[in-house]
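Student: Pasting in a structure now, in structure tokens, and then I'll have a few things to ask.
The values are calculated or read from the model by the stated rules, or taken from the named source; none is laboratory data. What you are looking at is a predicted structure, and each value in this text was computed from that prediction instead of being measured. For neighbour counting, all protein chains shown are included, and Cβ atoms are generated from backbone atoms with ideal geometry for every residue, glycine included.
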Amino acid sequence: MGRLVHFEVHVDDMERAKKFYGEVFGWSFQDWSEYAGMPYYGAVTGNEEELGINGALMQRQGPPPEANQALNGYACTMGVEDYDAAEARIIENGGTVALPKYALPGMAWQGYYKDTEGNIFGIHQPDANAK
């Protein structure tokens, strides 16, 4: 089985992206640029006892996504405890709404956003009462 074990977010401005993901989701970063041969920061997204994976921010190697284009790749979704508080942190730190909050009836609240680098990501708050 091909279990997902790592992700990479392509960024134009490494410091801006580190600030965004650090402030919004509490991620920490480790400089792995020497190994990658380019600006590349490992992203620690939680402690090892939690379900989830770690990844990285890497220097974008081509043009950024264009406005209103269809998603061309993977969209990562982060689990959050409080959807509205997470959305507020996203907006306060320069992110924008791509697809507003909606209910996955009987399961969760979901929505999609653009980070400071133009990448789309989701947030997901489990809630059996969502409708």
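Student: Out of all the residues in the stretch 88-112, which are of a type outside the set (K, R) and within 16 Å of K19 (Cα to Cα)? Walk me through it before giving the result.
Tutor: Of all residues in the stretch 88-112, those of a type outside the set (K, R) come to 88, 90-100, 102-112.
Answer for the stretch 88-112, where residues must be of a type outside the set (K, R) and within 16 Å of K19 (Cα to Cα): A88, I90, I91, E92, N93, G94, G95, T96.
Student: Then there is this: Could you tell me which of the residues G73, G122 is touching a residue at least 12 places away in the same chain (Cβ under 8 Å), under 23 Å from H6 (Cβ atoms), out of contact with any helix residue (DSSP H, G or I) (no Cβ under 8 Å at 6 or more places or on another chain) and not acidic (D, E)?
Tutor: Working: G73 fails: touching a residue at least 12 places away in the same chain (Cβ under 8 Å).
The conditions single out G122.
Student: Okay, moving on. Please determine, by comparing only the residues of the stretch 1-44 that are without any contact (Cβ under 8 Å) to a residue 24 or more places away in the chain and surrounded by 17 or more Cβ atoms within 10 Å (Cβ to Cβ), which one is nearest to E66 (Cα to Cα). Don't jump to the end; show me each part of the working.
Tutor: At the first step, the residues of the stretch 1-44 found to be without any contact (Cβ under 8 Å) to a residue 24 or more places away in the chain are 1-3, 15, 22, 26-28, 30-31, 33-38, 40, 42, 44.
So of that shortlist, the ones also surrounded by 17 or more Cβ atoms within 10 Å (Cβ to Cβ) come out as 27, 40, 42.
Details: W27: 26, Y40: 23, G42: 26 Å.
Here the answer is Y40.
Student: Testing N93 on (1) surrounded by fewer than 13 Cβ atoms within 10 Å (Cβ to Cβ); (2) modelled with pLDDT of 95 or more, one condition comes back false. Which one is that?
Tutor: All conditions are met except number (1).
Student: Filter the strands (runs of 3 or more DSSP E) completely within the stretch 1-48 down to those with at least 3 residues that are polar (S, T, N, Q). Talk me through it step by step, then tell me what you get.
Tutor: Details: elements: 8-11, 28-31, 40-44.
Passing ranges: none, list empty.
Student: Here is a follow-up. Restricting the search to the stretch 109-121, which residues are out of contact with any Cys (no Cβ under 7 Å at 6 or more places or on another chain), assigned to a strand (DSSP E or B) and not β-branched (V, I, T)?
Tutor: The initial filter retains those residues of the stretch 109-121 that are out of contact with any Cys (no Cβ under 7 Å at 6 or more places or on another chain), namely 109-120.
Applying the additional criterion that residues be assigned to a strand (DSSP E or B) yields 109-114, 120.
Passing the criteria: W109, Q110, G111, Y112, Y113, K114.
Student: Further question: Across the stretch 56-70, which residue is nearest to H6 (Cα to Cα) among those that are touching a strand residue (DSSP E or B) at 6+ places or on another chain (Cβ under 8 Å) and of a type in the set (A, V, I, L, M)?
Tutor: A56
Student: Does the stretch 76-87 hold any residues that are of a type in the set (D, E) and touching a helix residue (DSSP H, G or I) at 6+ places or on another chain (Cβ under 8 Å), and which are they?
Tutor: Taking the stretch 76-87 as the starting set, the residues that turn out to be of a type in the set (D, E) are 81-82, 84, 87.
Passing the criteria: none in range.
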